[in-house]
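Participant: One structure, as structure tokens, below. Some questions next.
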Amino acid sequence: MGNYADRKLLYFAIIASVINILALFTPSIPPSPPAPSNAEQKLRLTESLRALTKNRNYWFLFIPVPPRAYSYLTGASSRFI
């Protein structure tokens, strides 16, 4: 029998071959619909932006988070100069 590396390579080739053969039998498209939320009609971009600007929770996150993130990133990048 061959050495340990040859056996590892053989095992790897067998496992890869089995996985590739099984991949031939997978369906090309997912079941329709794959999730219940996917069956819903999606909003257009302008409608979704309008809904986002009217959402109060969005503004509670949008106002305080970006300045903190920018200040953190600016401080982190200035340490490497």
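The values are calculated or read from the model by the stated rules, or taken from the named source; none is laboratory data. Fair warning: this is a prediction, and the values are worked out from it, not measured in the lab. All Cβ positions, even for glycine, are placed from backbone atoms using ideal geometry, and neighbour counts span all protein chains on display.
Participant: Is there a residue being surrounded by 10 or more Cβ atoms within 10 Å (Cβ to Cβ) and either over 26 Å from the mean Cα position of the chain (by Cα) or modelled with pLDDT of 80 or more (or both) anywhere in segment 31-38?
Facilitator: Within segment 31-38 (the criterion being surrounded by 10 or more Cβ atoms within 10 Å (Cβ to Cβ) and either over 26 Å from the mean Cα position of the chain (by Cα) or modelled with pLDDT of 80 or more (or both)), the answer is no, since none of the residues qualifies.
Participant: Could you tell me which numbered condition residue 61 fails, if it satisfies all but one of (1) loosely packed, with under 10 Cβ neighbours inside 10 Å; (2) at pLDDT below 90; (3) part of a helix (DSSP H, G or I)?
Facilitator: Of (1) loosely packed, with under 10 Cβ neighbours inside 10 Å; (2) at pLDDT below 90; (3) part of a helix (DSSP H, G or I), only one is false for residue 61: (1).
Participant: For residues in segment 7-29 being surrounded by 10 or more Cβ atoms within 10 Å (Cβ to Cβ) and either among the charged types (D, E, K, R) or part of a loop (DSSP other than H, G, I, E, B) (or both), which is modelled with the highest pLDDT?
Facilitator: Among those that are surrounded by 10 or more Cβ atoms within 10 Å (Cβ to Cβ) and either among the charged types (D, E, K, R) or part of a loop (DSSP other than H, G, I, E, B) (or both), it is 8.
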